[in-house]
Each structure stands twice: as structure tokens, then as C-alpha cells.
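Every number here is computed from the coordinates shown, using simple stated rules; none is lab data. Here the structure is a predicted model, which is why all the values come from computation and not from measurement. Reconstructed Cβ throughout: ideal geometry from the backbone, glycine too, with neighbour counts over all protein chains shown.
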Amino acid sequence: MMLGRRLFGAIYRFLKHFRDSSTASQSEDGLVKEGKYEIAIKRVNARDVFDYDSDLYTRMVRYPLEVLAIFGIVLMNMVGRINPLFENHIQTRIFNLKSSTSVRNLNPSDVEVTTQILLLQIEGMDYSGWDAPSIWILQCLRRNSSLDTFSLPHLILHSQLPFPSSLSSSLSSMPPCSALLHFSKSFSLDKSASGYDPSYPKTASWQEDKHCCSWDGVECDKNTSHVVGLDLTSSWLFGHFHSNSTLFFLPNLRRLNLADNNFNLSRIPSEIGNFKSLTHLNLSFSVFSGQTPFEISQLSSLVLLDLRGNLLQGPFPTLNFTSLHFMFFSKNKFTGEIPSFICDAIYLRVLDLSHNNLSGMIPKCLVNSTALSVLDLRMNGLHGTIPAIFAKGNNFRNINLNGNQLEGPLPQSLVNCTDLEVLDLGNNKINGAFPYWLGSLQKLQVLVIRSNRFQGRIGNPKTKFPFPNLRIIDISNNQFNGPLPITYFEYLKAMMNVDESGVARPYMGDSYYQDSLNIMMKGQYIEMERVLTILTSIDFSNNSFKGEMPKRIGRLKSLKGLNFSHNNLIGHIPPSIGNLTNLEWLDLSFNKLDGEISSQLADLTWLEVLKLSHNQLTGHIPSGTQFNTFNNDSYTENLGLCGFPLSRTCDNHEAKQPPPSTLQQDENLEHENGFGWQAVSIGYACGTIFGMLMGFFMFKIGRPKCLVRMVKLEQHIMLRRLKKNAHKRDGRR
């Protein structure tokens, strides 16, 4: 309103800020965004509409003409004329006020409207005869290089007053194809903006002469032709995502996927809350920053919300869990506790909050859920104990709490998770004995309890067939002792034989969530974004196991990795390890193993990493195949070892030679007998001819018995010679 000659309210603050910002940088209240003349106007109440008098026009000269050119202003109770300094400029851009009169007395013919506009309703105003009634208009335009290149409308001043139905329809009357084109042109295309394959610029193929329903990534309703889906995943989009984006002129959107682009640290616009029909929203890995807007909580139809891999921060955002099934917030910078209102998510199936800075305790309602299938809270700062109230009949398939500060015993109510496939509790402070009762979980494939405070001996199984589907077990970096649990190795059937051609799922997980895992693999601790279903490994390292390695380990023929390092194991390396033909890494270092390295280990043709250092091994190192690729580090601190690659040679020259192949053995045998394959061939040919003639002769004269007697006589002579030689050997003893 007007008091004296001063303006108050949001409109005045907006104009003042715009006047003072020739290059509009972002303000604290968010009114002005990056780039010249790019403004975000917040909601304004009707009381902020005010009257102008003629002196205002003189004072408005302080605003650049370009600024006034992008605003169309129809004024209430206007007196006097528009200042001639900018009258013509406004006239050519927006509309022309042909006379000096009050807006309430204007006729439609008095105002020439050349653009789509949004209006603030004034009570008592007569709109009859107006195609686009104009009371208060602010059009904010996104400029490229000149005022002739902008398109309208981009962002509009809203009112809290109700609009006539005729006006409401005009607000979204921008054709969806035009809105999509303007949206695509607001970004540049940069291949480096997308990191996943396959990626390609979908918007580059959009053609204006074709309907947008045929464009790549655009989905339309078959009945209404409304744009209901937009999938621009990995489309090379680069640039700022503005709140005045024409994307928000697609009110019927149900699915929006902008994942794997680069929006250059933009904030998620609050206007996202206008998509009331949205069921799937994926903004993952697209370089968004700042806090999640509250308006997301207005999306009551959301089934999937994916904000992974951004730079979002602040407390856990308020959400509407009415329909939410899948929520991915991992790899951001969210802080604070997991709020209690998450318990309202009664339909939530996947909750991924991993790799954030969350603190506090795990809400009890999460582990007591019967709907959750995936609970991924790894790599946060959660503390306290794991709630011991896993409900019977729950649907948990994956529970990952790795990398927190959880302590106390492992709750035995986990046995209620009969569908559990992955349990990763590594890198916490959980204590107690080995959880043998987990062996009853018939579907369990991955068990990781590494780097905790478990202790004691691992006794015999308490269930009949424990861990039948276990493929990965990692109990390293604990305080287990006693002998290796030999009996368990007899029941690990999933590690014994894997027909890789018959594996139904190449990766663990489902269509919405791919299981990932932190694992010590080939000497490096890595995070596997996707876990192959054929991956099998055993890691018992960094404990206090003692005794000998079991021969039965050779039955686990599908093993890819075996790590018994940093224990107190003694005895020989079982030759049966040579049966593990799929083995890719073997670490037995830092034990007390002795004896020679079995030559059968040379049969491990897939072996990439071998660590036998810091033991008491002796003898020559097997040669050939993979053993020729390992360096000194594989064998250091074994003073009795010799041969390649060590500088210490073996005394017996023959010992350094690789074991002969079957073909070489046959050739050597020929030379030792004094004749080779040529003599054998001649003898075979002659013998065949002689045998045929002899057989014909015997049957011709009817004397086959003679031949039988000859054979029996030769056998008798050979038997006497064998007995005689045996008596001689006994006499020597």
C-alpha cells in the first residue's frame, strides 16, 4: 500500500532489490537468482497491492529501461500519464496504456495485451469483456543475449486470493511441447555431465515439427495426450536448474527422472511441490545442493523418491509417507537424527540413508516393520544397540548397518528374518559369541561381521544344515580363537559347486535396489556397487585361530577368495587347495605354516593375488602358470623358500625346473627306453600283419589250443620270475 510517497510490501522489496542489482546475484531471501534478470518471486498477499501516483513514474526512471521492459504493469487508481522516458519501451514489449484513467474504469480496448499473463484478482472488479483481465502483472523473463530472445511466461507473481476458473485454465495454457523445448534449451549439452553408460543427449533429437509425445524420453497419456512422464537420465544436461523453469508448466507429470546430469549445485526448486500427481521422482547423481525444499512434503502420491549422490545437507527432510514405497537418500550430507515421523511410512519397502552424517539411535519402528525389505543405514554415526524387536513374518531381505558406532550383543530376534539374504554389520562395536543361530536362515547369502568385538571359539553347528546358501562370510578383525570351524565347511553347499551358466540373477538385489558390499578383495578393501551372485569368498583373517587348515576346504570349488591371514595356523598348506580352480586370491600370510608349497597350487590358473609371506615354509617355489607372475612380496620372511622369484636359488638344480607336462613325460620315457615313436610305429605295423597271419594259420589247422598253451606258459614263467625277485629283496632287508 501507499503511505505518503513510500512503497511497502513484497513488491516494493522486489523492485528495490532488482534496481540495486545490475547483475542479479542470489540474495538471502532467494528473490534473485544467478544471471542477469533471472528472478524468483515469492508468494505475495493481496495486501501488498498498492496505488501509485504520478510521482512514482518519475522515481521509477531510476530502474533501467531493460528492467521495465520485462514487466507489464497495469496500475490501480492511476492518475497522470506514464513518463515519456519509458512509455514507448513498455508499449513495444508488453502492452500500451492508451489513456490516463483508473484501472477500475478501463475497457478491454484500452489495454493491448501481447503476452500470456497471470493476474491478481481484485474484489469488486468487473472482468466482463476482458480476454486477459489485467490488474497487477509481473513477468519475470529469462534472457539469453537480448530482450528479443526471451519467451513468456517463465515465472509469475502468485496471489493467495482465488482465481476465476477462466484464469486458472490460462495459467497452464503453455503448450507442453513448448514448455519442454524451453526447458531443454535452458541447459547446455556436455558429455562429462553424465557419468554412466550408456549416456546420450536425448534432447538433441527433439524436433519442433514433431509432436513431443514422439520425443525420446517423453511419455504421454494415450487418452489425453498429456505429458505424464519425462525421463532424461544421463542426457548430458549441464547448467542451473531455476525455479522459473518451464518444466513446471507440465502439471500432469507423474514420473520425472533427471538422474545423472549436472545441475551445477542448483537447489531443488520449491516449485517441485506443484506436481501433485507425481509418483516417481528421481534426481539422483545430478549435483543438487542445499536443503531439500519443504514443498516435497506436498507430493502425497509419491511412490519413489531418489535423491542419491548429491550434495544435499541439513536435517532429514519432512516427507509425506502416504504412498511412499522406495526412498533413496544415500551419499549426501544429511545431519541429525532419523526423525520419529518416519514411523508413519507403513508402506516403505526400501529405505537407503547410507553415507550421510546421521546420528542418534535406530528408531525401533524400523526393525519392527513388516513392510521393509531393505534397511541400509551404513556409513553414518548411529550409536546405541540394535533394537531387539525384529517382528515375526517380516520381509527383510537386506540389512546393512556397516560403519556406525553400534554396540552391545546381536539380537537373536534376527532369526525372524527368514527371507534375509544380506546381513552386513561390519565396522561397529558389537560384541558376544559367534551368532551360530544365524545358520538357520536358509536364504542368507552374505554374512559380514568384520571389525567388531566378537570373541571366543566357534563351536560345532547347532542346526542341522547351517548356512546352506552362504556365499560370502567375513568374520575378520575380531577376537575369535580356537581351531577353524571345520564342521561348517561341510555344509557350505553354495560354495561347493556353482553352475555360472544357470545363475538366474547376475547381481544380487532386485529391480529397485542393487545390493552393494564393502569387502576385502584381492588385498584391497573396496565397496562393490553391485555384488555378483557368483562371488564366493571366506575371510577369517586377523583373529587368533590356531591348528591346521582343514583338507575339506578343497571341496569349496566355487571359491573366488580365501583369506586366513594373521592367525596362528600351523602345519602344511593342504594340497587340496589346488582343487579350488576358481580361486582368484589366496592370503595365508602371517601364520606359522611350514613344509613345502604343494605343486598342486600351480593348477590355480585364475589366481591373481597370492600372499604366503611371514610363515615357515621351505623348499622350492612351484614354477609355471600363475606362479611365474608373483613377485617377492608373496613369499617374504620364509627363510626356507628358494627359487624364482626369490634371489635365493635352490641347491638341487632339477628342483628349480617346472614339473614336466604329460607330453614331456611321454617323450622322456621314449628316450629312456632307447627308442622313439618311429620304432613303435614300425613294430605296431609288423605285429599287426604277423598276428593276422598267425590267427589264420591256427584256425585253419584247427589248433587254437596250442595258442592257449603258449600264452599260459608265458604267464607261468613271468610269475616265477616275480616270486624269485621278491625273495631276493626280502633277503637284502
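Determine, from the Cβ-Cβ distance of residue 623 and residue 209 and an R0 of 56 Å, the FRET efficiency 1/(1 + (r/R0)^6), rounded to the nearest 0.05. Walk me through the numbers on the way to the answer.
Working: r = 71 Å, r/R0 = 1.26.
Computed FRET efficiency for residue 623 and residue 209 comes out at 0.20.
Residue by residue, what Karplus-based ³J(HN,Hα) values in Hz, rounded to whole numbers, does the stretch 376-385 have, using 6.51, -1.76 and 1.60 with θ = phi - 60° and x for Gly and Pro?
These are the phi-based 3J(HN,Hα) values: 10, 10, 5, 6, 10, x, 5, 9, x, 9 Hz.
If one computes the Cα centroid of the stretch 213-256 and of the stretch 558-605, what distance in Å separates the two points?
For the stretch 213-256 versus the stretch 558-605, the Cα centre distance is 56 Å.
Quick check: from the Cα gyration tensor, does the stretch 275-410 come out rounded (a/c under 1.5), prolate or oblate? Numbers along the way, then the final one.
Working: a/c = 1.97, a/b = 1.30, b/c = 1.52.
Note, shape of the stretch 275-410 comes out oblate.
List, in order, the whole-Hz ³J(HN,Hα) value for each residue of the stretch 629-634 obtained from phi through the Karplus relation with A = 6.51, B = -1.76, C = 1.60 and θ = phi - 60°; use x for Gly and Pro.
Calculated HN-Hα couplings, in order: 9, 8, 9, 4, 4, 5 Hz.
Would you mind putting 234-244, 293-303 in packing order, based on average other-beta-carbon counts within 10 Å, highest first?
234-244, 293-303
What's the local net charge at residue 293, with K and R +1, D and E -1, over the other residues with C-beta under 10 Å away?
Details: positive: 267; negative: 271, 295.
Neighbourhood net charge equals -1.
Within a 10 angstrom radius of the beta carbon, how do 219, 637 rank from fewest other beta carbons to most?
On the way: 219 16, 637 13.
Ordered from fewest to most neighbouring Cβ atoms within 10 Å, 219, 637 come out as 637, 219.
Just for the stretch 215-283, what percent of DSSP beta bridges are antiparallel, to the closest 5?
Numbers: 3 of 10 bridges.
Once the DSSP bridges in the stretch 215-283 are tallied, antiparallel ones form about 30 percent.
Taking 28 Å as the cut-off for C-alpha to C-alpha distance, list the pairs among 333/522; 464/592; 462/493; 392/522 that go past it.
Working: 333/522 31 Å; 464/592 33 Å; 462/493 17 Å; 392/522 39 Å.
Result: 333/522; 464/592; 392/522 exceed 28 Å.
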